[in-house]
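Written below as structure tokens is the structure these notes are about.
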Amino acid sequence: MGFEVRLQDEFGAQLDTVADPKNILDRLFPEPGNHEYPMLGSLDPYADTVFNGLQMGWFLAELVKVSAKAQMPEERELLSKVESMAKRARDETHLYLKFVGD
């Protein structure tokens, strides 16, 4: 099972979600600890990782880079959904993008 990506408010209420049961993000995203991708490289596949609105600019820039590797429609669709949630976290107050690991 791959990540579940959630858009949450400051109280933890889930506003939107997308699941990755085929581990697509794991294949497209850089390895944990990759310093060339400070945001995506900090994702822990076995724990939860939360990003705030201030981090979304960097997160989205990195997401654009990895999106270039997406070949299949399901890959592009998943990345598009994550991008949409990230933009909302960037543009609205007190929203967070949470990656829930296995």
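Compared with the dominant Cα axis of the chain, that is its longest principal axis, helix 73-91 is turned about 30°. Compared with the dominant Cα axis of the chain, that is its longest principal axis, helix 56-67 is turned about 20°. If the viscosity is 1.002 mPa s and the temperature 20 °C, what Stokes-Einstein diffusion coefficient in µm²/s follows for the stretch 1-62 when Rh is the Kirkwood radius over Cα pairs? Calculated translational D: 171 µm²/s. Relative contact order for the stretch 20-95: 31 percent, from Cα pairs under 8 Å spaced at least 6 residues apart, divided by residue count.
Any read-out appearing in this document is the output of simple, stated calculations on the displayed coordinates, not a laboratory observation. Everything numeric in this text was worked out from a predicted model, so none of it was measured.
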